[in-house]
Every structure is written in structure tokens, then in C-alpha cells.
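Just below is one structure, and these are the notes that go with it.
Derivation of every value follows stated rules applied to the coordinates shown; laboratory data play no part. Everything quoted here is computed from the prediction, not taken from an experiment. When we count neighbours, we look across all protein chains shown, and the Cβ atoms used for this are built from the backbone with ideal geometry, even at glycine.
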Amino acid sequence: MSDKYVLFHSEGCGSTFPVILLRLFKCPHEVVNLNYEDTTKRKDSPELRRLLEANPLAQFPTMITPEGGVMTETVAIALYLNDRHGLGSPWSTSELAAPQLATFYRFMVYIPANIYPTVTIVEFPERYVSVPKDASVTLDEVKKWVSDESSKRRADAWTLLETQLGPGVKGFNGSFLLGTDQPTVLDVYMTMMAHWSPYPRYDWFKENCPRLHEVAVETMKASVVVRQVFEENGLDAFMGKESHAKKLDNIP
């Protein structure tokens with residue numbers, strides 16, 4: 001048993017999302033920072049040994065609960081923290097209407113199922129393909145084919161999301177994805193993932209997903225904590241020209 005969460009984190013990675021939630025919900029926690037490349041190469045360090053003990057796959061995020069349970073997968077951690085600590089906060093899903101709640105769960109799973117895998121494949125195609133020595137094509141050629149097709153799939157997934165969420169869609173008239181006047185954790189997650197939209201990254205996103213782009217900008221403005229953590233992690237594409245986030249009512 002412990003009195004705090006332990007989150008293994010690498011700057012600018014998907015573990016940024018749980019960092020935000022731990023701060024938003026004011027959960028006692030320790031963030032163990034590791035370098036992504038050093039972790040991939042298994043470069044020995046006390047921090048890496050702690051991570052491997054908790055999760056032999058050395059994934060980000062990996063989180064240890066105060067009770068000693070090990071959690072992985074970004075959305076699983078997010079839903080757990082939201083369920084356990086979000087009630088009574090401005091981030092709680094308890095006040096969502098049934099159609100909003102259904103949409104919330106659908107797209108909290110849609111994003112890691114349809115968008116996140118394409119990010120990994122595009123950035124690291126060599127993890128997913130190999131070419132025999134006597135093949136008539138090179139590894140670089142195959143990697144390019146895989147990366148190009150994954151980029152198309154990623155664009156399609158974002159385009160569908162643009163038609164399903166945001167102000168004016170399905171009678172959702174608020175400023176955020178579910179038609180609320182304040183962001184939910186889905187808005188925060190989408191905003192993080194939008195930093196890895198198709199190339200040319202931010203131009204493509206603004207041109208092809210203008211509704212989602214506006215939500216990302218508004219999400220950055222809505223919470224000081226959200227803005228600070230994104231900025232600390234180099235994920236600052238949607239901050240605009242303002243130097244400080246404004247606060248919506250009761251939003252930290």
C-alpha cells in the first residue's frame with residue numbers, strides 16, 4: 001500500500017494525458033521521468049529498472065495505484081482516474097445526458113483503436129515489417145508503403161471524427177466535443193492526439209478538421225493545468241498567441 005500513484009512518463013508521449021489528469025484531480029503522485037530512446041534501447045538506469053519491474057514491456061504510460069496495482073494503456077488509466085476521482089469535479093461525466101455519455105465512451109475507445117496505432121506505424125514502420133535478404137524490394141521501400149498507407153488510414157479516421165463530434169453536430173451546441181460548455185477528458189485526449197495528426201501536421205488538421213481544431217484551441221484555453229502540462233511536454237501546437245490560459249468556471 002502507498003499513499004500516492006506512481007506514473008512512468010516520457011516527455012511528449014501519450015503518458016502526458018495521465019499526468020494532466022493526476023494534476024487536475026489533485027491526486028498525490030510521483031512522476032518517474034524516462035527518456036524514450038534510452039528506454040527503447042533498454043539503457044540501464046534506476047528508473048528503467050523500476051519501470052521494468054512494474055511492466056516488462058516498458059510502456060508509457062505505466063501507472064502503479066496506491067493499492068499496488070499496475071495499470072497500462074492510456075485510456076484505461078484515464079477512465080480509471082476519472083471514475084475514481086472525477087466525481088464532483090468539473091470533469092465528471094456524471095452530468096452527461098445518455099447520448100453524450102454513449103458518445104464519450106465510443107470515442108474514448110475509437111481514438112486508441114483507430115488513430116493511435118497509425119501514429120506508431122507511421123513513425124516506426126520498421127517494427128512491423130521485415131524483408132528477406134533475397135527479396136526484390138528493399139526494406140526502405142516496404143517501410144514507405146506501410147507508412148504511406150497508414151497515413152491515409154489516419155487521415156480517414158480523423159475525417160470521420162470531424163463529422164461525428166463538436167459544436168453543431170448531433171444537436172451538440174456547446175463549445176466542446178460533446179456539446180458541453182466545459183471540456184471533458186475526451187476533449188483533452190483528442191487535443192493531445194491532434195498533435196500527431198497527418199503531415200503536414202497542424203496545417204492538415206486545421207484545413208481538414210476545422211471543428212476539431214477549434215475545440216483543441218478552446219481546450220487549451222479552458223484550463224491552466226491542461227495548458228501547463230502540454231507546454232511542459234512540448235505539445236503546444238494549439239495554444240495560439242495568448243500567454244496564459246483563461247479559466248472557465250471551476251476549472252483548475
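Below, the figures for the structure above:
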{"read-out": "For Thr62, distant residues with modelled amide H under 5 Å away", "value": "Phe8"}
{"read-out": "Debye log10 I(q)/I(0) for the chain, one point scatterer per Cα, at q = 0.12 Å⁻¹", "value": "-0.74"}
{"read-out": "Three-way shape label, region 5-85, alpha-carbon gyration tensor, a/c 1.5", "value": "prolate"}
{"read-out": "For the chain, built as a Gaussian network whose Cα springs stay under 10 Å, the top-fluctuating residue of Val119, Val129, Val137", "value": "Val137"}
{"read-out": "Taking region 5-85 and dividing mean pair separation by its residue count, relative contact order in percent (alpha carbons under 8 Å, at least six apart)", "value": "37"}
{"read-out": "Semi-axes of the equivalent ellipsoid for region 106-172, Cα gyration tensor, largest first, Å", "value": "34, 11, 6"}
{"read-out": "GNM top mover of Val131, Val229, Val146 - the chain, alpha-carbon springs below 10 Å", "value": "Val131"}
{"read-out": "Loop-located trypsin sites (Lys or Arg not before Pro) in region 1-32, at most 15 other Cβ atoms within 10 Å (DSSP)", "value": "Lys4, Lys26"}
{"read-out": "Max mean-square fluctuation residue, GNM over the chain, Cα-Cα springs under 10 Å, options Ala155, Ala76, Ala194", "value": "Ala76"}
{"read-out": "Amide H contacts under 5 Å for Gly174, placed H, 5+ residues apart", "value": "Gly168, Gly179, Thr180"}
{"read-out": "Amide proton proximity set for Tyr5, modelled H, under 5 Å, gap of 5+", "value": "His29, Glu30"}
{"read-out": "Contact order normalised by residue count of region 105-238, Cα under 8 Å, 6+ apart, percent", "value": "19"}
{"read-out": "Mean Kyte hydropathy of -1.0 or more with a Cα span along the axis of at least 20 Å, helices from DSSP in the chain", "value": "none"}
{"read-out": "Label point 7 Å beyond Cα of Asp44 along Cβ direction - residues of region 1-25 with amide nitrogen under 18 Å", "value": "none"}
{"read-out": "DSSP-defined beta bridges in the chain - what % are antiparallel, rounded to 5", "value": "60"}
{"read-out": "Gap separating the Cα centres of region 196-239 and region 97-154, nearest whole Å", "value": "21"}
